[in-house]
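Here's the structure, in structure tokens; my notes come after.
All of the numbers you see were taken from the coordinates with simple rules; none came from a lab. Small disclaimer: the values here were computed from a predicted structure and weren't measured. Neighbour counts run over all protein chains shown; Cβ positions are idealised from the backbone, glycine included.
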């Protein structure tokens, strides 16, 4: 079995490994390809319009990251066509449906990009001009493409050798109309051919040769060769845009953290309501969380806090909860000895309990978030860590706001080893945890939209003038918002927040996602509806970054599912192809 995925650049280790395998296939299958084209493949992806086209690379990959084949495409966004530059299977992998799966993905990609046709070259199936061995191979290739309605354009000089001294067989220009019923008009095709010859073959084709080929295209609409290998138009599936599924990692131990007390809104029903709304969409691929070392947590949290939470939760009796009630002034030399008193030393409020299973559930939430982060690092475009308890109020050495470990911050620190990271917190409450943890760092931008601290928890942070310090000055951005707010006003500020993220140009975007801006949420005062969440998702997706979404708040169970569904529909439908 294999999957087909798109590689956007060579920034991630997994993508660099895949690109090296693609280079080996290019060297093995295309003897005449210039070495600079092979070695410059990563540069073409990083600088997509370097050759006048946007390069798109699809790879067929086994689960253990073995590249079985690839297709390299050139997208022209003004004329709306796709040029198939190379398509090949690895040596010894020509069977098993790899070529067919890759070409169908090429067609899907073309449709998703709004292209009118796919163009590519094939050597002729003309017995008079090629050897018997090449004739058999060329015929098989053109027969394969004819299954999809793709046939050579006829009545033009495209097959004319560039030089009189060149006596080798020139290729056909093959056209796949992508099942569109409208004929391709001469003027448009002339512009397409001009673009191909002037951009891809600029080093080879003289202006005189290019104009000769352009003038030779006389039929309007253009004509394709009659079906040679099929008696009638072949029957095949109608091409549909290829859907890239997001990874979904669910905290499979969140139910153990169930505080059965009146008014404790951070309940297991939150996960089930969101999950029941997302499952029918077929937009996600569920991934099992992997156990991770505590070192990932102590990289951003004080080891003393981690040790305290572990021991205190173990010592609380079954079915009991310990709430902080005394808050000692922080004196490192004179820490309280009683764990019940020490709770107030490490906690910022009176409503976040020490519970028998709080540590285990919070640790598993971190495991899930790092598993989702790995999906991004391995080339996935979007991953969602659906977890509770949440994490964005947990600072380096204290917990609170239902949060014990800062899931988003742990992931951001982990991913920062591979490139710059931006955290966008769209929970109703200020993301004080990320702000405090990264306040002096310039490689991680923290941005938060939230209710103004004069009326909203946590009250002591989230002011506009808090911009970072030292190396981190200017890399913390707060947008405190008024107590009464609807979707349109929220989006005005969200656009400003996204502009600051765009200027930072991160390799990865982490969205600390809260649904408590929703109308009727028991912890908020705003009035966003499901359509507003769809708009928010769409605006975030349009940035085009690799996105890790981490679940934070949202406590109105009646609307949680609808809002989650709308947000992810907006996010995934707007991601640039």
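Structure notes:
- Using alpha-carbon coordinates, inclination of helix 13-29 to the longest axis of the chain, degrees: 10
- Ranked by how many other Cβ atoms sit within 10 Å of their own Cβ, fewest first, the residues 93, 212, 231 fall in the order 231, 212, 93.
- For region 421-481 versus region 109-138, the inter-centroid distance based on Cα atoms is 56 Å.
- Per-pair calculated FRET efficiency, R0 = 45 Å: residue 286 and residue 201 via Cβ, rounded to 0.05: 0.45
- Note on residue 66 and residue 473: the model spin-label points, each 7 Å out from Cα along the C-beta direction, lie 5.6 nm apart.
- Separation of the residue 463 and residue 215 label points, Cα + 7 Å toward Cβ, nm: 7.6
- 0 to 90° range, to nearest 10: angle between helix 98-112 axis and the chain longest Cα axis: 70
- Counting only alpha carbon atoms, the long axis of helix 269-278 and the longest principal axis of the chain meet at about 10°.
- A full extension of the chain between residue 573 and residue 529 corresponds to an added length of 14.0 nm, given 0.36 nm per residue minus the alpha carbon distance.
- Amide N proximity, region 348-371 versus residue 314 label position 7 Å along Cα-to-Cβ, cut-off under 14 Å: 356-360
- Among (i) 56, 23, 21; (ii) 38, 33, 25; (iii) 44, 26, 23, the entry that matches semi-axes √(5λ) of the Cα gyration tensor in Å as calculated here: (i)
- Here residue 39 and residue 127 are evaluated by their C-beta separation; at R0 = 35 Å the FRET efficiency comes out at 0.40.
- Region 3-216: radius of gyration and largest Cα-Cα distance (Dmax), Å: 17.1, 50
- Euclidean distance between Cα centres, region 363-398 to region 296-348, Å: 23
- Burial ranking of peptide ranges 459-472, 30-43, 147-160 (average Cβ count within 10 Å, highest at the top): 147-160, 459-472, 30-43
- Summarising the label geometry, the points placed 7 Å from Cα in the beta-carbon direction at residue 327 and residue 3 lie 4.5 nm from one another.
- Sites residue 542 and residue 294 - FRET efficiency at Förster radius 35 Å, r taken between beta-carbons, to 0.05: 0.40
- Highest average packing first - 564-573, 480-489, 432-441, Cβ atoms within 10 Å: 432-441, 564-573, 480-489
- The slack in the chain from residue 505 to residue 304, taken as 0.36 nm per residue of separation less the alpha-carbon distance, amounts to 68.9 nm.
- Theoretical gain in end-to-end length, residue 454 to residue 245 [0.36 nm per residue, Cα-Cα removed]: 71.2 nm
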